[in-house]
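Visitor: Shown below is the structure under consideration.
The values are calculated or read from the model by the stated rules, or taken from the named source; none is laboratory data. Not measured: the values here are computed from a predicted model. Cβ: placed from backbone, ideal geometry, glycine included. Neighbour counts: every protein chain shown. Side chains included, ligands, DNA and RNA excluded: accessible areas come from the protein's heavy atoms. Shrake-Rupley method; radii C 1.70, N 1.55, O 1.52, S 1.80 Å.
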Amino acid sequence: QVQLVESGGGLVQPGGSVRLSCAASESARNFNTMGWYRQAPGKQRELVAGITRSDITNYADSVKGRFTISRDNAKNTVSLEMNNLKPEDTAVYYCNARSRWSYHDYWGQGTQVTVSS
């Protein structure tokens with residue numbers, strides 16, 4: 001059973017920055033793609049950013065140029081550096097890992113990010 005544990009959420013002012021981290025209970029090499037999704041109140045869960053084992057990244061249009069995703073296979077972690085945060089970034093952020101072998105998706109419990117003055 002794979003477990004993903006997020007950390008780094010909290011309250012941040014507009015224009016501020018925060019870094020989210022996700023630690024996997026297994027080697028990150030087991031996951032072809034790792035990424036972050038978010039779900040705001042009244043909205044569907046959406047992909048924020050993803051990264052493959054070969055460091056190919058994909059970002060939602062709304063966060064391009066502001067967020068940076070990275071993975072550290074030695075630490076079995078994936079991180080999301082969020083800069084120039086906007087109130088519309090407020091959401092619960094979920095870590096995701098997709099198995100290299102089965103393409104099964106694993107999910108973290110979520111961490112709240114609130115952007116407000």
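Visitor: Find, to one decimal place in angstroms, the Kirkwood hydrodynamic radius of the range 44-117, where the mean of 1/r is taken over every pair of different Cα atoms and then inverted.
Guide: 13.4 Å
Visitor: Name the most mobile residue of Ala91, Ala23, Ala60, meaning the one with the largest mean-square fluctuation, in a Gaussian network model of the chain with Cα contacts below 10 Å.
Guide: Ala60
Visitor: Given a 1.4 Å probe, how much area per residue of the chain is accessible, in Å²?
Guide: 53 Å²
Visitor: Give the shape of the range 1-91 as rounded, prolate or oblate, defined through the alpha-carbon gyration tensor: a ≥ b ≥ c are the square roots of its eigenvalues, a/c under 1.5 means rounded, and otherwise the shape is prolate if a/b is larger than b/c and oblate if not.
Guide: prolate
Visitor: Carbon-plus-sulfur fraction of the accessible area of the chain, 1.4 Å probe, in percent?
Guide: On the chain, the fraction of accessible area on carbon and sulfur atoms equals 45 percent.
Visitor: Identify all lysines with a Cα-Cα distance to Lys64 below 23 Å; exclude those on the same chain that are fewer than 8 residues away in sequence.
Guide: Lys43, Lys86
Visitor: Grab the beta carbon distance between Ser17 and Ile56, set R0 = 22 Å, and tell me the FRET efficiency rounded to 0.05.
Guide: Calculated value: 0.40.
Visitor: Taking 22 Å as R0, compute the FRET efficiency from the Cβ-Cβ separation of Gln112 and Leu47 and round it to 0.05.
Guide: That gives a FRET efficiency of 0.75.
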